[in-house]
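Following: one structure in structure tokens, then a few remarks.
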Amino acid sequence: MTTTPVETGRNFAALAGTDRVAGQLYTDPGIFEQELEKIFYRTWVWVAHESEIPEAGSFKMATIGRQPVIVNRDRKGNFNVLLNRCRHRGASVCEVPKGKANGFTCPYHSWSYSLEGQLRGIPYPEGYEGVVEKKDMPLQRLRVESYAGMIFASFNHDIEPLEDFLGDAKIWIDRFMKQGAGYPIKVQGEHRFRFDGNWKIQLENTTDGYHFPIVHRSWMASVDAETADMLSFMTDEKAVTHALGNGHSVAIMVPEHVDLAEDDGTEDLQERFGHIIEELSQTMPPEQVRRIVRSMHGAGFNLNLFPNVAMSMSFFRVLRPVSVNETEIQHLALGLEGGPESVNRERLRIHEHFQGPFGFGTPDDSEAWDRVQRGAYGNQEMPILVNRGLGREEITEEGWKTSHVTDESGMREAYAQWKRMMSND
Ligand code: FES
Ligand code: FE
């Protein structure tokens, strides 16, 4: 789809090298418009987790680039993603962020649509005899597929199957979901904020282990010694980043938490979670208590799915490009569906402590991102470097480029995909 004039004759591929990208990638409005067209309106974009729309008629609003959409579950249990734009004169047919409905009625002249997007009713239809056939005027439907509860949509109906696009990232999505310790993962709540910077600054951050002990020093100082120790991965050689292909990557920060099912002890978490261990032990076998308590901090890794969602430790982080120098971030806190209340409550507290608006983590991150944007205006010809660890990258048995978690392999992977997509006409 085209919503902006296409800028022809520009060599976007030349702006991204193997180990550096041009500074204009953060600052040039023309590049931003092309990113919407060539990336966000062509590839798979994450729109929801199935727990957010649990029943027939459940819906939520989302935005892909600048396009407002509605994600819903119909009576057959299928997911639909519909452009939130009336076929009459363009009004949005839904302004409620989340809820339950039998369909959507435009407030302007009351054209009404089913959950699948079919136009069902037009008031005073006499004027439309021989002019409008209802069957020809559904809400625009996007292609929709889901994997492990993660729902993705695309404006591109010819796109490859979602599972092919995710590729080896599926292995890590499956591992991430193990933090439910047998319970399905559910979204417990969300909050949003914006920062004054380009969307790729966030894209880079998800697998940037290098910044963690520096930007998050105040968080480290605010937690107990055992938790801080858990995230002291600067010198842990098992803490690595894998480039998984198609722009996706995973940064493993707590290697011993990666396979939660095989974890074998809660001793080092006694100080923090002793009260919960005690409560769960009254009704659960020790192995199950271990799995739940171990997973309290999440999966032990950050998985970056190009272009817009990170499955990060114990939450989803979704980015939305607003303009070349503004990005919206949505944090969705995860809990265990049907799990112990005390565990879900504790998970929310942990989430607030780091990711929350008054937390010790995200405000520091967003301060750094704002500064990157301000600095990048200083000399847009000067490149952004993503070369850390280039000399020590290896290839794993699976064929993944791998390097230490403080290296920039994940960013190089994302920019390789950026380059591929931006080079296509
Ligand atoms: Fe929707 Fe007129 S704009 S019914
Ligand atoms: Fe951070």
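Bear in mind that the values in this text are calculations on the coordinates, not laboratory data. Model, not experiment: these values are computed from the prediction. Note that we place each Cβ from the backbone using ideal geometry, even for glycine, and neighbour counts take in every protein chain shown.
Key figures for this structure:
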item: Mean shadow area of region 381-423, taken as a quarter of the surface of its Cα convex hull (nm²); result: 4.0
item: Separation in nanometres of the label points that stand 7 Å from Cα toward Cβ, at Glu326 and Lys135; result: 4.4
item: Total formal charge among the other residues, if their Cβ is under 13 angstrom from that of Thr206, Lys/Arg +1 and Asp/Glu -1; result: -3
item: Neighbourhood net charge (12 Å Cβ-Cβ; Lys/Arg +1, Asp/Glu -1) for Ser58; result: +1
item: For region 141-237, the spread of Cα positions along each principal axis, largest first, Å; result: 49, 39, 32
item: At R0 = 30 Å, FRET efficiency that the Cβ-Cβ distance of Asn78 and Arg345 yields, to 0.05; result: 0.35
item: Close Lys-Lys pairs in region 98-244, where close means Cα under 22 Å and separation is 8 or more or interchain; result: 7
item: Residue-averaged 222 nm ellipticity for the chain, from DSSP H runs of 4+ at -39500 (n - 2.57), nearest 500; result: -7500 deg cm²/dmol
item: Alpha-carbon centroids, region 131-153 and region 233-249: separation in whole Å; result: 36
item: Separation of alpha-carbon centers, region 386-402 and region 45-86, rounded to whole Å; result: 37
item: Potential extension, Ala14-Thr283 segment - 0.36 nm per residue separation minus Cα distance; result: 90.8 nm
item: 10 Å Cβ shell holding at most 16 others, DSSP loop, chymotrypsin sites (Phe, Trp or Tyr not before Pro): longest site-free stretch of the chain; result: 109-357
item: Cα point-scatterer Debye curve for the chain, base-10 log of I(q)/I(0) at q = 0.11 Å⁻¹; result: -0.87
item: Stretchable slack from Ser232 to Tyr124, in nm (0.36 nm times residue separation minus alpha-carbon distance); result: 32.1 nm
item: Cβ-Cβ FRET estimate between Arg371 and Arg192, R0 fixed at 30 Å, reported to 0.05; result: 0.90
item: Most positive-pole-ward Cα, Val71, Ser114, Asn325, against dipole of the chain from beta carbon charges; result: Ser114
item: Residue-count net charge about Met311 - beta-carbon cut-off 13 Å; Lys, Arg +1, Asp, Glu -1; result: +3
item: Across the chain: Cys residues that no other cysteine approaches within a C-beta distance under 4.7 Å; result: Cys94
